[in-house]
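Undergrad: Pasting in a structure now, in structure tokens, and then I'll have a few things to ask.
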Amino acid sequence: MAAEVLSKAGLRVDVYDAMPSVARKFLLAGRGGLNLTHAEAPGPFLARYGARRAEVGRWLAEFGPQQLRDWAHGLGIETFVGSSGRVFPQEMKAAPLLRAWLHRLRGAGVSFHARHRWLGWDAAGSLRFATPAGELKVGAGATVLALGGGSWARLGSDGAWVPLLKARGVAVQALRPANCGFDVAWSEHLRLRFAGTPVKTVSTSFIAEDGSVTRQDGEFLITQHGVEGSLIYALSAPLRDCIEASGSAVLHLDLAPGRDLARLTRDLAQPRGRDSLSNHLRRRAGLAGVKAALLHESAAPDDLATPERLAALIKALPLRLASPRPLDEAISSAGGVDFTALDGNLMLQALPGTFCAGEMLDWEAPTGGYLLTACFASGHAAAQGLLRWLARVQPVKAEPHPVR
């Protein structure tokens with residue numbers, strides 16, 4: 001996105017990528033249907049960025065969800081709003097959009113250099129790259145770094161840039177998993193019997209240390225190690241922060257969201273007759289399979305024998321999360337270049353002429369189009385900031401200036 005803005009302004013732009021081809025993580029994001037952005041109202045949309053809503057809001061004011069859809073339309077890609085409010089290309093895939101975009105960028109004179117891994121700067125300030133032909137040094141009038149976070153290292157986001165910027169005095173917050181799964185100490189029975197099983201139609205609630213309550217409806221997946229899936233990802237930031245602060249986090253599950261506590265208690269108090277407990281739970285509470293197994297993971301014998309206690313447990317089953325899954329497994333990462341290290345144009349204050357964009361900045365968002373929208377918007381913002389900086393330092397431009 002930065003390359004597009006800068007090339008339109010008449011600058012010579014070179015894009016260097018460590019991987020054999022560009023946009024590999026973008027293509028992976030579209031593997032199950034490219035969720036480009038979201039049709040949510042501006043207020044709730046901005047709230048998705050949590051503590052960084054003010055910073056991200058400035059980017060979105062210039063290039064937000066509607067501008068992103070208009071941009072895709074300009075590439076010949078029509079979009080539609082799904083039932084959940086998520087916005088997708090008509091073909092649902094990332095590849096057609098990427099092909100059209102690269103074709104337009106190359107037509108605008110943007111040059112792409114694959115298998116060029118950035119190594120930092122030399123003593124004279126030139127950019128250093130490791131290439132198949134050996135090390136290459138490149139001088140540039142200005143630089144946009146869009147180096148990703150620390151998740152999915154095999155696609156290029158390996159966080160190798162962190163020590164390079166720290167060595168130059170840039171404040172960088174530790175990279176942490178976001179939109180991630182969590183470890184749970186399952187019994188051997190549950191792990192062997194139900195790993196890979198989805199838990200559908202549940203409600204969750206999480207009470208943070210400050211007393212705030214976060215609720216989420218949906219489904220998640222039992223894994224060998226714990227839990228993951230859309231419902232878990234949506235709560236991953238407060239859950240991760242709680243684990244970092246206190247060593248664990250407790251998520252409460254409502255396994256019967258369609259029944260209130262009073263009704264459920266009455267139903268469970270009905271005589272069992274010859275029914276086993278499993279059949280009683282299935283008939284009276286709609287619990288079977290993995291939901292019943294989760295109940296047994298937490299229930300004491302007295303809970304199972306007392307309708308009031310059993311109903312209360314079904315409506316608020318505690319699930320203790322021990323730790324987030326490793327960073328490289330996460331969909332995205334939190335942490336990165338601290339906003340105190342940047343000026344209002346996303347330029348590094350310690351390195352004039354060097355700008356940062358994308359997931360390498362210290363912000364995070366849930367899945368649902370929010371991540372991609374802000375990444376696009378940050379690239380647009382960094383490019384605009386670069387143009388303003390060049391106008392100040394080079395008010396008279398004799399010819400297009402190279403930008404790396």
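Undergrad: Could you give each residue of the stretch 250-259 its phi-based ³J(HN,Hα) in whole Hz, using Karplus coefficients 6.51, -1.76, 1.60 with θ = phi - 60°, and x for Gly or Pro?
TA: Values per residue, Gly and Pro as x: 10, 9, 9, 10, 9, 7, 9, x, x, 10 Hz.
Undergrad: For the ranges 381-393, 129-141, what's the packing order if you count other beta-carbon atoms within 10 Å of each residue, average per peptide, and put the highest first?
TA: Going from most to least packed, we get 381-393, 129-141.
Undergrad: Once amide H atoms are placed 1.01 Å from N in the peptide plane, what residues at a sequence separation of 5 or more from residue 223, or on another chain, have their amide H within under 5 Å of its amide H?
TA: 196, 228
Undergrad: Something else now. Quick one: 3J(HN,Hα) in Hz for the stretch 68-81, Karplus 6.51/-1.76/1.60 with θ = phi - 60°, rounded, Gly and Pro as x.
TA: Coupling constants for the stretch 68-81: 5, 5, 5, 4, 4, 4, x, 8, x, 10, 7, 10, 9, 9 Hz.
Undergrad: With r defined as the distance between the Cβ atoms of residue 250 and residue 277 and R0 fixed at 30 Å, what FRET efficiency is calculated, to the nearest 0.05?
TA: 0.75
Undergrad: Can you tell me the Rg and Dmax of the chain, counting just the alpha carbons, in angstroms?
TA: For the chain, the Cα-based Rg and Dmax read 24.9, 92 Å.
Undergrad: Lysines near residue 137 by alpha-carbon distance under 28 Å, same-chain residues fewer than 8 away left out - which ones?
TA: Reachable lysines: 8, 25, 166, 397.
Undergrad: On a straight-distance basis, which aspartates and glutamates could pair with residue 93 in a cross-link, Cα separation under 20 angstrom, same-chain partners fewer than 8 positions away excluded?
TA: Straight-distance partners of residue 93: 70, 78.
Undergrad: Could you give me the ³J(HN,Hα) list for the stretch 130-136, computed from phi with Karplus coefficients 6.51, -1.76, 1.60 and θ = phi - 60°, whole Hz, x at Gly and Pro?
TA: 8, 10, x, 8, x, 6, 10
Undergrad: Once amide H atoms are built 1.01 Å from N in the peptide plane, which residues 5 or more positions from residue 319, or in another chain, come under 5 Å H to H?
TA: 251, 252, 253
Undergrad: Whose amide H sits under 5 Å from the amide H of residue 112, counting only residues 5 or more places off or on another chain, with H placed in the peptide plane?
TA: 15
Undergrad: Let me ask you something else. List the lysines whose alpha-carbon lies under 16 Å from that of residue 315, not counting same-chain residues fewer than 8 positions away?
TA: Reachable lysines: 200, 291.
Undergrad: In whole Å, how far is the Cα centre of the stretch 19-54 from that of the stretch 327-381?
TA: Using only Cα atoms, the two centres lie 12 Å from each other.
Undergrad: Hey, another quick one. Please arrange 93, 25 by counting, for each residue, the other beta carbons lying within 10 Å of its beta carbon, fewest first.
TA: Starting with the residue having the fewest Cβ neighbours, the order is 93, 25.
Undergrad: Determine the relative contact order of the chain: mean sequence separation of Cα pairs under 8 Å and six or more apart, normalised by residue count, in whole percent. Please report the intermediate quantities before stating the final value.
TA: Working: 752 pairs, mean separation 100.3, N = 404.
Here the relative contact order equals 25 percent.
Undergrad: Also, I was wondering about something else. Where the centroid of each part is defined by its Cα atoms, how far is the stretch 217-248 from the stretch 161-196 in Å?
TA: Cα centroid of the stretch 217-248 versus Cα centroid of the stretch 161-196: 11 Å apart.
Undergrad: Largest first and in whole Å, what are the equivalent-ellipsoid semi-axes of the stretch 182-324 based on the Cα gyration tensor, each being the root of 5 times an eigenvalue?
TA: 26, 17, 13
Undergrad: Per Stokes-Einstein, at 4 °C and 1.567 mPa s, what whole-number D in µm² s⁻¹ belongs to the stretch 79-186, with the Kirkwood radius over Cα pairs as the hydrodynamic radius?
TA: Here the translational diffusion coefficient equals 73 µm²/s.
Undergrad: Would you calculate the convex hull of the Cα atoms in the stretch 246-294 and tell me its volume per residue in Å³? Each step should come with its number before you reach the end.
TA: Details: hull volume 4.9 nm³, N = 49.
Spelled out: Cα convex hull of the stretch 246-294, divided by residues, is 100 Å³.
None of the figures in this text is laboratory data; all of them are computed from the coordinates on show. Predicted, not measured: the structure shown is a model, and the values here were computed from it. Neighbour counts are summed over all protein chains in view; Cβ atoms, including those assigned to glycine, are modelled from backbone coordinates with ideal geometry.
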